[in-house]
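Novice: One structure follows; several queries about it will come next.
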Amino acid sequence: MMKVLTVAAKKNLTPTDVKSAKWPTSWVNWAGELGIVGPGSDIGGLDPKAPATRGDVFVMIYHAAKM
(Lines give C-alpha, C1' and ligand atoms only; values in the text may rest on other atoms or scores of the structure.)
Protein backbone atom coordinates (compact mmCIF):
# COMPACT_ATOMS: atom_id res chain seq x y z
CA MET A 1 0.00 0.00 0.00
CA MET A 2 2.78 2.40 0.91
CA LYS A 3 4.50 1.78 -2.43
CA VAL A 4 1.30 2.43 -4.40
CA LEU A 5 0.69 5.69 -2.54
CA THR A 6 4.33 6.75 -2.96
CA VAL A 7 4.15 6.19 -6.72
CA ALA A 8 0.95 8.24 -6.88
CA ALA A 9 2.27 11.09 -4.70
CA LYS A 10 5.91 11.39 -5.80
CA LYS A 11 5.71 13.79 -8.72
CA ASN A 12 9.35 13.49 -9.80
CA LEU A 13 9.50 9.67 -9.77
CA THR A 14 11.04 8.36 -12.98
CA PRO A 15 11.15 4.86 -14.50
CA THR A 16 14.88 4.85 -13.75
CA ASP A 17 14.15 5.57 -10.06
CA VAL A 18 11.71 2.67 -9.96
CA LYS A 19 14.16 0.26 -11.63
CA SER A 20 16.99 1.19 -9.28
CA ALA A 21 14.83 1.26 -6.12
CA LYS A 22 15.77 -1.16 -3.35
CA TRP A 23 12.87 -2.89 -1.61
CA PRO A 24 11.84 -1.78 0.94
CA THR A 25 14.43 0.87 1.78
CA SER A 26 13.89 3.24 -1.17
CA TRP A 27 10.11 3.13 -0.85
CA VAL A 28 10.11 3.66 2.92
CA ASN A 29 12.53 6.59 2.52
CA TRP A 30 10.46 8.20 -0.23
CA ALA A 31 7.24 7.70 1.72
CA GLY A 32 8.94 9.32 4.72
CA GLU A 33 10.10 12.29 2.62
CA LEU A 34 6.53 12.75 1.42
CA GLY A 35 5.12 12.52 4.95
CA ILE A 36 3.08 9.41 4.16
CA VAL A 37 4.85 7.59 7.01
CA GLY A 38 7.41 8.53 9.63
CA PRO A 39 7.63 11.34 12.18
CA GLY A 40 4.46 13.40 12.37
CA SER A 41 2.40 10.89 10.39
CA ASP A 42 1.06 8.89 13.35
CA ILE A 43 2.54 5.74 11.84
CA GLY A 44 5.36 4.35 13.92
CA GLY A 45 7.87 1.62 13.27
CA LEU A 46 7.30 -0.13 9.98
CA ASP A 47 7.72 -3.81 9.29
CA PRO A 48 7.72 -4.22 5.50
CA LYS A 49 6.83 -7.90 5.84
CA ALA A 50 3.82 -7.27 8.07
CA PRO A 51 0.38 -6.59 6.64
CA ALA A 52 -0.82 -3.00 6.86
CA THR A 53 -3.56 -2.37 9.38
CA ARG A 54 -6.77 -0.70 8.28
CA GLY A 55 -5.93 2.29 10.46
CA ASP A 56 -2.43 2.68 9.03
CA VAL A 57 -3.75 2.44 5.47
CA PHE A 58 -6.28 5.18 6.21
CA VAL A 59 -3.55 7.43 7.63
CA MET A 60 -1.24 6.76 4.66
CA ILE A 61 -4.04 7.57 2.17
CA TYR A 62 -4.88 10.73 4.11
CA HIS A 63 -1.27 11.97 4.02
CA ALA A 64 -0.74 10.98 0.37
CA ALA A 65 -3.92 12.80 -0.66
CA LYS A 66 -2.54 16.04 0.78
CA MET A 67 0.23 16.01 -1.85
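The values are calculated or read from the model by the stated rules, or taken from the named source; none is laboratory data. Quick caveat, the model's predicted, so the values are computed rather than measured. In case anyone asks, the SASA skips ligands and DNA or RNA and just uses the protein heavy atoms, side chains included. Shrake-Rupley method; radii C 1.70, N 1.55, O 1.52, S 1.80 Å.
Novice: Evaluate the relative contact order of the chain (contact order divided by residue number), counting alpha-carbon pairs under 8 angstrom at least 6 apart; express in whole percent.
Specialist: Numbers: 56 pairs, mean separation 27.5, N = 67.
Relative contact order of the chain: 41 percent.
Novice: If amide hydrogens are placed 1.01 Å from N in the peptide plane, which non-local residues have theirs closer than 5 Å to the one on Ile43?
Specialist: Gly38
Novice: Skip the ligands, DNA and RNA, and give the accessible area per residue of the stretch 13-67 with a 1.4 Å probe, whole Å².
Specialist: Details: 3840 Å² over 55 residues.
That works out to 70 Å² per residue.
Novice: Taking all protein chains as present, what is the carbon and sulfur share of the accessible area of the chain, in % to the nearest whole number, probe 1.4 Å? Working shown, then result.
Specialist: On the way: 2740 of 4620 Å².
Within the chain, the accessible surface is 59 percent carbon and sulfur.
Novice: Could you give the angle, 0 to 90 degrees to the nearest 10, between helix 25-34's Cα long axis and the longest principal axis of the Cα atoms of the chain?
Specialist: It is inclined by approximately 70 degrees.
Novice: Work out, step by step, the length gained on full extension between Ala8 and Trp23: first 0.36 nm times the residue separation, then minus their alpha carbon distance; give nm to one decimal.
Specialist: My answer for the length gained is 3.7 nm.
Novice: Between 0 and 90 degrees, rounded to the nearest ten: what's the tilt of helix 54-65 against the longest Cα principal axis of the chain?
Specialist: Roughly 50 degrees, rounded to the nearest 10.
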